[in-house]
Amino acid sequence: MRSKLKSIGENGSLVFNHNMKITQLGKSGRIEEAIKVFKQMTNRNTVTWNSMISVYAKNSRISDARRLFDRMPLKNLVSWNTMISGYLHNDKVQEAYELFVRMPERDLFSWNLMITCYTRNGQLENARSLFVQLPDKGNPVCWNSMIAGYTKNQRLEEARRLFDAMPVKDLVSWNSILAGYTQNEEMGLGLKFFNDMVERDVVSWNLMVDGFVRVGDLDSALHFFQRIPNPNVISWVTMLSGYAKNGQITKARVLFDQMPERNVVSWNAMIAAYVQNCQLDEAIRVFTEMPERNSVSWTTMINGYVRIGKLDEARDLLNMMPYKNVAAQTAMIFGYIQCMRMDEAREIFDQISSRDVVCWNTMIAGYAQSKRMDEANRLFKQMLKKDFVSWNTMIAGYAQEGKMDKALRLFEEMMERNVVSWNSLIAGFTQNGLYMDALRHFFFMGKEGKKPDQSTFACGLSACANLAALQVGKQFHHLVVKSGYGNDLFVVNALITMYAKCGRISSADQVFKDTDAVDIVSWNSLIAGYALNGYGKEAIQLFQEMEKNGVHPDLVTFVGVLSACSHSGLIDQGLKLFKCMTEEYSIEPVAEHYACIVDLLGRAGKLEEAYQLVKGMPIKANAGTWGALLGACRIHKNLELGKFAAEKLFQFEPHKNSNYVLLSNIHAETGSWNEVEEVRMLMKERGVEKQPGCSWIEVKNQVHAFFSDDSAKPKTAAICKTLMTLTAEMRNRGYMPDIKSSLLDYR
DNA sequence: CTAGGGTTAG
């Protein structure tokens, strides 16, 4: 009897030990070893099965977990909860709910797992309705899950309302609200809340340190870190990575050396710190030194090599990695995409069995960047779970291809849109010259309650610039200041360009002067603005001022300053600057520079020289270059060279109406009417359509566009009548429109 | 063996 009991006891402790071993192996990702232990066990108990289910689930092998769950001999409540937890960790909301409904009895774990499952997948309304049904409201755990769900979705007010209504709050409740503030960069509110807390633990302190790191206030972060009564590994790692993110690698290393205890995360953080600062030699040294590595260690190293373009090293590491995971494989895919090695990227992608949304998005983005939208779309359609990034990548991809109809259709199919969705669409319209659509959607965005960010403003301003819509542009300016983007350089530079293109160079200048720290793009924008408005000398002065300020001009600067010379007829200056650009600044001229110089020489009557320059260009001439030459030929009525330039130009832009008009005008002005007819035939042959004449005016801060064939537009008749009255009035006052060119402009 | 707040990679 005694020995029998002893043997059961020994067996029991053996099972217990094996169960522990399975869990432990699962936690370090050594799933194959865990399976081996499980299979070798002769007497498994329910906990054994539950442990193995959990191990499978946490290593993204959810179908294996389910197979075990269905096969196990005796399920208890924990088995059901474990399986639901598995679905929670694998974002399978539907499957979790099916089990939740079917299970014989539920405890607080079951309820909380299901609620968390909903909140983690953004289904807050479903979570809420479960929470309402929850039988036991006395326990704070489900309340806390709801609060975290709301804060993670930026719904701080609703979180706060729940918090205030809680019958019993524990420290986690307090910390959840605090996390809402610190993680959403509301450090003013966060600090106040922290000070009001009657009790704090190390998590509260860590949240404060993390919050200050997020807003870039490292001094405050350090101040709080030093005041933590009992800092733990997480406190140290948070501070360390705070330094790393801000490029203070030395301080990060000092912290690492001072750490009283290190776990694998501390080592990983140090690797990440070196990777962020592109010190791969140091990173690999830490990687080699560390006592044990996990998948994050490997992924960080692979990503580090990818970042500096050392793909072979990255691939070697991936091959050496004992348990490859999606993140590491995705990092490798990303690397191949960056180097345009799409086939190798796809090969890895196809090998991955459990792809996550990041992996899919990376591959789709690769195809979008390579302008292979059909392949991107094929993958997009195969995706079961899409996030904002998936949709936004597709929208931006279509926009980049100029297929705004497809971009818009996807945008409208989206259930919910974020700022990036709006920005992708609006930027697409702007880049494709559909400025009115860009502005329209900017205002739709406001109606949907989405706040524009710096990128939205930059795109909107660019649309205003191209429409010369000064009044709307000014409104944008006010909105920009009100929204706190007045010092964002993308916005500032767009403002400069907007004012310049609207002919308000003094306003552009004012914006430039009012900005604390301008960059080279600001200088370039202002110089180009002066050039555009015919202020050649001022543009050159600004260029010299820029040099005095120690800002090195780039090729864009010279496009601006050279076009200033060509617009203002500063021929010698322009040629001198061109020489200076190549010789002193060693900037290789691009086609835009040549176009300016051709224009300059043309205006000076040096047509032959201009032609020789184009012929001698080391790079391929573009439409702008030939266009400049053609324009010069028109001024000097040089038919021979004009015809030649036009032929070249037609190769680039065979369907651009204005090129044909220009050539036709040369013929007409030299009296060659037969050739005028020939050009007309050529256009017909090539199917060149007259681009509808387009004009727009701003009335009461709204832009109204008119097209010459736009008779369908309501009120067009009325507008035309008014215009005729205006024209008559102008004529009465002695204005004679120049209709010479219009006569040649056949329809 | 299952749940709520804080760290490292994507």
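Some points to look at:
- Segments A:342-348, A:289-295 sorted - mean Cβ within 10 Å per residue, highest first: A:342-348, A:289-295
- Chain A: relative contact order as a whole-number percent, Cα under 8 Å and 6+ apart: 4 percent
- Computed label-point distance, nm, for sites A:Glu185 and A:Asp350 using a 7 Å Cα→Cβ extension: 4.2 nm
- For A:Met166 and A:Arg378, a Förster radius of 56 Å and the Cβ-Cβ distance give a FRET efficiency of 0.70, rounded to the nearest 0.05.
- FRET efficiency, A:Gln123 to A:Lys36 (Cβ-Cβ, R0 45 Å, nearest 0.05): 0.75
- Above 28 Å, the calculated P(r) of the range A:294-440 contains 27 percent of its Cα-Cα pairs.
- Cut-off 16 Å, label 7 Å out along Cα→Cβ of A:Lys537, residues of the range A:550-575 by amide N: A:564-574
- Approximate spin-label separation A:Ser658-A:Lys684, in nm, with each point projected 7 Å along Cα-to-Cβ: 2.6 nm
- Whichever lysines have a C-alpha closer than 26 Å to that of A:Lys643, once near sequence neighbours (fewer than 8 apart) are set aside: A:Lys606, A:Lys615, A:Lys620, A:Lys656, A:Lys684, A:Lys690, A:Lys740
- Relative to the compact-globule estimate of 2.2 N^0.38 Å, the Cα radius of gyration of the range A:240-328 comes out at 1.03.
- Extending 7 Å from the Cα toward the beta-carbon at both A:Gln471 and A:Glu669 defines two label points whose distance is 3.6 nm.
- A straight Cα-to-Cα reach below 16 Å connects A:Lys169 with the lysines A:Lys137, residues fewer than 8 places away in its own chain not being considered.
- 10 Å Cβ shell holding at most 16 others, DSSP loop, chymotrypsin sites (Phe, Trp or Tyr not before Pro): longest site-free stretch of chain A: A:1-322
- Modelled FRET efficiency - R0 51 Å, A:Lys192 with A:Ser28, Cβ distances, 0.05 increments: 0.80
- Put a plus charge on the Cβ of each Lys and Arg, a minus charge on the Cβ of each Asp and Glu, and nothing anywhere else: the dipole of the range A:541-599 about its Cα centre is then about 120 debye.
- Helical mean residue ellipticity (222 nm; -39500 (n - 2.57) per DSSP H run of 4+; nearest 500) of chain A: -22500 deg cm²/dmol
- C-alpha long axis of helix A:140-152 to longest principal axis of chain A, angle in °: 20 degrees
- Estimated D of the range A:528-587 in µm² per second, where Rh is the Kirkwood radius over Cα pairs and Stokes-Einstein applies at 20 °C, 1.002 mPa s: 192 µm²/s
- Placing unit charges on each Cβ (+1 for Lys and Arg, -1 for Asp and Glu) gives chain A a dipole about its Cα centre, and among A:Ser507, A:Leu532, A:Leu25 the Cα reaching farthest toward its positive end belongs to A:Leu25.
- The long axis of helix A:171-183 is offset from the longest Cα principal axis of chain A by roughly 20 degrees.
- Links that overshoot a 22 Å alpha carbon limit, given the list A:Lys36/A:Lys58; A:Lys447/A:Lys482; A:Lys92/A:Lys451; A:Lys324/A:Lys381: A:Lys92/A:Lys451; A:Lys324/A:Lys381
- For chain A, the longest principal axis of the C-alpha atoms and the axis of helix A:657-669 are separated by about 10°.
- Rg/Rh, computed from the Cα trace of chain A with Rh as the Kirkwood radius, has the value 1.06.
- Quarter of the Cα convex hull surface for the range A:141-264, i.e. its orientation-mean projected area (nm²): 8.0 nm²
- Each Lys and Arg Cβ is given +1 and each Asp and Glu Cβ -1; about its Cα centre, chain A then shows a dipole of about 2100 debye.
Only the coordinates and a few stated rules stand behind these numbers; no lab work does. Predicted model only: the values in this text are computed from it and were never measured. So basically every Cβ, Gly included, is an ideal-geometry build from the backbone, and we count neighbours across all protein chains shown.
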